[in-house]
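Asks: I'd like to ask some things about the structure below.
The values are calculated or read from the model by the stated rules, or taken from the named source; none is laboratory data. Since this is a predicted model, take the numbers as computed values, not measurements. Here Cβ is always computed from backbone atoms with ideal geometry, including for glycine, and neighbour counts include all displayed protein chains. Only protein heavy atoms, including side chains, enter the accessible area calculation; ligands, DNA and RNA are left aside. Shrake-Rupley method; radii C 1.70, N 1.55, O 1.52, S 1.80 Å.
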Amino acid sequence: ARNISITAALYQTPGFNPVTDLSPLMIAAWGTNSIIATPGAKFNSLSELLAQARANPGGITFASAGVGSPSHIALELFQQATDTQFLHVPYKGTGPAVTDLIAGHVQVAFMATHTIMPFVNRGQLKAIAVARATRHRVAPNVPSFVEEGVRNFVDEGWYGFLMPRGVPTEVQNKLHGEIRSILLLPDVKANLEKIGLDVRPSSIEEMRLWLQKEQADFAAIIRKNGIKGD
């Protein structure tokens with residue numbers, strides 16, 4: 001869902017602005033990304049990866065799902081936070097990037113923890129670290145960024161609901177309440193958390209403020225690095 005904020009920041013005339021043209025309703029759940037490496041990578045931890053990247057700027061290939069994709073923006077923010085430089089290799093989607101990671105054609109990437117762990121558990125990929133303060137329940141053996149000494153970077157993606165601008169306030173409030181009740185049903189919440197999502201329903205205003213902050217942060221990193229949309 002971060003794509004809507006990236007699109008608004010990336011294109012000069014995107015045709016819409018998610019902060020002004022859509023009505024935020026609720027951030028329903030969050031997913032955390034991890035740094036994943038090809039099985040033959042010569043590093044086994046985030047600290048080792050960072051040491052090698054600093055010793056050889058641009059020498060480690062870092063895949064993304066494409067120029068301006070959430071994984072590309074995450075890479076730029078990660079480099080800024082850790083004072084490193086990788087060689088960005090953009091793909092046309094996550095699938096081709098995963099295929100080349102498994103084959104060893106690229107070395108590392110940010111991937112959604114809850115979707116990539118089956119590949120890690122089969123030995124097809126190597127999990128380096130979870131990009132948050134604590135370990136993730138679907139990857140209990142993978143250290144967090146904070147454990148590895150990186151305290152100023154988190155890479156999470158949200159899943160939520162928005163509506164067209166102009167929906168009456170009473171309708172928004174009714175929908176918000178109904179969706180929140182459904183998300184907090186024990187079986188619904190348990191199933192979402194089982195696949196690796198954190199169910200944390202926001203208020204309408206909390207989502208509005210988050211979108212404003214997210215768009216501003218993404219716009220700043222896009223301008224700083226001169227990123228242009230495909």
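Asks: Kindly write out, for segment 130-144 in residue order, the coupling ³J(HN,Hα) from the Karplus curve 6.51 cos²θ - 1.76 cosθ + 1.60 (θ = phi - 60°), rounded to whole Hz, with x marking Gly and Pro.
Replies: Going residue by residue, I get 8, 7, 7, 6, 10, 5, 9, 5, 7, 9, x, 8, 9, x, 8 Hz, with x marking Gly and Pro.
Asks: Counting alpha carbon pairs within less than 8 Å and at least 6 residues apart, what relative contact order, in whole percent, applies to the chain?
Replies: 36 percent
Asks: Give the accessible surface of the chain per residue, rounded to a whole number of Å², with probe radius 1.4 Å and ligands, DNA and RNA excluded.
Replies: 48 Å²
Asks: Relative to the longest principal axis of the C-alpha atoms of the chain, give the angle of the C-alpha long axis of helix 46-55, reported between 0 and 90° and rounded to the nearest 10°.
Replies: 60 degrees
Asks: A further question on this structure: Can you order the peptides 115-121, 172-178, 68-74 by their average number of other Cβ atoms within 10 Å per residue, highest first?
Replies: 68-74, 115-121, 172-178
Asks: Can you sort Trp30, Trp158 by 1.4 Å-probe accessible area, starting with the largest?
Replies: The most accessible residue leads, giving Trp30, Trp158.
Asks: Out of Gly59, Gly157, Gly31, any idea which swings most in a Gaussian network model of the chain, alpha carbons joined below 10 Å?
Replies: Comparing Gly59, Gly157, Gly31 in a Gaussian network model of the chain, the most mobile one is Gly59.
Asks: In addition: In whole Hz, with x marking every Gly and Pro, tabulate ³J(HN,Hα) for segment 160-169 from phi via Karplus 6.51 cos²θ - 1.76 cosθ + 1.60, θ = phi - 60°.
Replies: My calculation for segment 160-169 gives x, 10, 10, 9, x, 4, x, 5, x, 4 Hz in order.
Asks: Pull up all non-local amide H partners of Ile60: gap of 5 or more, or a different chain, and H-to-H distance under 5 Å with H placed in the peptide plane.
Replies: Leu87
Asks: What label, among (i) 0.93; (ii) 1.03; (iii) 0.99, belongs to Rg/Rh (Cα atoms, Kirkwood Rh) computed from the structure on display?
Replies: (iii)
Asks: Once you keep just the Cα pairs under 8 angstrom separated by 6 or more residues, what percentage relative contact order results for segment 70-174?
Replies: It comes to 19 percent, rounded to a whole number.
Asks: Where does each of Asp83, Asp217 land when they are ordered by accessible area, with a 1.4 Å probe and the largest first?
Replies: Final ranking, largest accessible area leading: Asp83, Asp217.
Asks: Would you kindly derive the ³J(HN,Hα) couplings of segment 96-104 from the backbone phi angles with the Karplus curve 6.51 cos²θ - 1.76 cosθ + 1.60 (θ = phi - 60°), listing them in order in whole Hz, with x for Gly and Pro?
Replies: Using θ = phi - 60°, the values come out as x, 5, 4, 4, 6, 5, 4, 7, x Hz.
Asks: Here is a follow-up. Of Glu148, Glu48, which has the most accessible area with a 1.4 Å probe, and how do the rest follow in descending order?
Replies: Correct descending sequence by accessible area is Glu48, Glu148.
Asks: In deg cm²/dmol, rounded to 500, what helix-only [θ] at 222 nm does the chain give when every DSSP H run of at least 4 residues adds -39500 (n - 2.57) and the total is split over its residues?
Replies: -13000 deg cm²/dmol
Asks: Could you pull out every residue, at least 5 positions away or on a different chain, whose amide H is within less than 5 Å of the one on Ala129? Hs are placed 1.01 Å off N in the peptide plane, and Pro or chain starts have none.
Replies: The answer is Ile35.
Asks: If you don't mind, another one. Ignoring any ligand, DNA or RNA, what whole percent of the accessible area of segment 84-159 comes from carbon and sulfur when the probe is 1.4 angstrom?
Replies: The value for segment 84-159 is 53 percent carbon and sulfur by accessible area.
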